[in-house]
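The values are calculated or read from the model by the stated rules, or taken from the named source; none is laboratory data. All values derive from a computational prediction rather than experimental measurement. Neighbour counts are summed over all protein chains in view; Cβ atoms, including those assigned to glycine, are modelled from backbone coordinates with ideal geometry. These area figures cover heavy atoms from the full protein model, side chains too; ligands, DNA and RNA do not enter into them. Shrake-Rupley method; radii C 1.70, N 1.55, O 1.52, S 1.80 Å.
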Amino acid sequence: MLYHIHLLTTLGEHQRALDVLNSNSEFILDKTQFLQYRANLLTALDSSEAAEAWHALISRNSDCKAYYDGYLKAKNAEEPLSTIDALASEFPRASVPLRLALTLSSGEDFESRVEAYLKNGLEKGIPSLFSDLKSLYSDVSKRDAVAKVAQGLKEKVKEDPSTYLWTLYYLAQHFSFLGEQKQALEIVEQAISHTPTLPDLYTLKGRILKRAGDLLGAASAVNEARLLDGQDRFLNTKTGKYLLRAGLVDEASNILGLFTKVCSISLTRLSANPSQKDAASPGADLEEMQSLLYLLEAARGHEKNGKLNLALKKYMAVKKIYDDIEDDQYDFHGYNLRKFTLNAYLSCVYFPIFSAVAKGLPQFA
């Protein structure tokens, strides 16, 4: 039913799609998808019920930005900021309306809002806070306001060790993003002196050194993070990646092999030879597991070292992986048809082609 409605929507027959949706609601068990289709169709029809439909979705998931965007579009609000503020009051535990308010506000209002947002994030110790606010930096005035607030908070929160640490972490990311790597490095060194046991600080130091062009120093810094938690797969993978970028292919393979040789057993290899449980090398195991991250970085590392034959071998391994994926797609087509996951299937790769066929475009006819 959802696939049928999807096709009607693609054809622009919104009223017919809405009628089919409403008359078959009992057969559609994915209620979230049902409500999303209904809200989108009501908005396309410019119905007075559209805002209420989006509000129902926000009530189900108050941290989905798309629902707030749909609500604002349906309301056609002349003052979207006041609308978002009302939603923030209605859903006090949601962070999305607070973040949307930063995008919509400006001037002194923005500065007061961003200070509260920053302080809350730093007190909670949210590592991704900079990534969250980075899109605001396209506006120079907002970027300067964020920097001013962060610098001010740095002086205010010195008595709170945790908040002070995460403020340093944020400022180091801030200056590194602006290209001021020397200042960023000084700040992250302060943070490391303050709390030398936090791996995030060393990975950030590695990123700063990478941007400054010191690939060996970057790999060394990320390796220090790895040594703080030898069981962390992410840190091991990150170290391997940085070593590959520095051209240290053998060292990277040894690091990545800490997990691959013991934990990853190829079913294909076992069926051929049940007694052979370990790969010939970490690189061979990663290649059999189709690790594009390893193969591409290793190829670039060999290329950087002037070993073009080894680089070509890795690049050809990547090509073979994509050839295998193309062959496997034939089984994948039938699987999706049997399981009736048509919407997800078409939106993955083939939606543009099928949409064009539905519209009868001559180039796809």
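A few notes on this one:
- Candidate set from the range 98-153 (those that are touching a helix residue (DSSP H, G or I) at 6+ places or on another chain (Cβ under 8 Å) and basic (Lys, Arg)); member that is nearest to Ala88 (Cα to Cα): Arg99
- Subset of the range 86-106 that is charged (D, E, K, R) and under 27 Å from the mean Cα position of the chain (by Cα) - its residue that is modelled with the lowest pLDDT: Arg93
- Failed item, numbered, when Glu26 is tested on (1) under 17 Å from Leu72 (Cα atoms); (2) open to solvent by 50 Å² or more (accessible area, probe 1.4 Å): (1)
- Within the range 306-326, considering residues that are of a type in the set (A, V, I, L, M, F, W, C) and over 31 Å from the mean Cα position of the chain (by Cα), the one surrounded by the fewest Cβ atoms within 10 Å (Cβ to Cβ): Leu308
- Cβ-Cβ distances below 6 Å connect no pair with a first residue in the range 160-173 that is basic (Lys, Arg), a second residue that is open to solvent by 20 Å² or more (accessible area, probe 1.4 Å), and a separation of six or more residues or different chains.
- Consider the range 217-237 and keep the residues that are closer than 22 Å to Gly247 by Cβ and charged (D, E, K, R). The one that is least open to solvent (accessible area, probe 1.4 Å) is Arg226.
- Of all residues in the range 251-295, those satisfying the criterion of being farther than 18 Å from Ala317 by Cα, modelled with pLDDT of 85 or more and open to solvent by 70 Å² or more (accessible area, probe 1.4 Å) are Glu251, Asn254.
- One residue alone among Lys210, Lys205, Lys182 is under 16 Å from Leu244 (Cα atoms), open to solvent by 20 Å² or more (accessible area, probe 1.4 Å), modelled with pLDDT of 95 or more and not in a loop (DSSP other than H, G, I, E, B), and that residue is Lys210.
- Of all residues making up the range 317-354, the number that are within 20 Å of Tyr3 (Cβ to Cβ), modelled with pLDDT of 50 or more, of a type outside the set (D, E, K, R) and in a helix (DSSP H, G or I): 16
- When we screen Gly125, Gly121 for residues that are under 25 Å from the mean Cα position of the chain (by Cα), on the phi > 0 side of the Ramachandran plot and not β-branched (Val, Ile, Thr), the only hit is Gly125.
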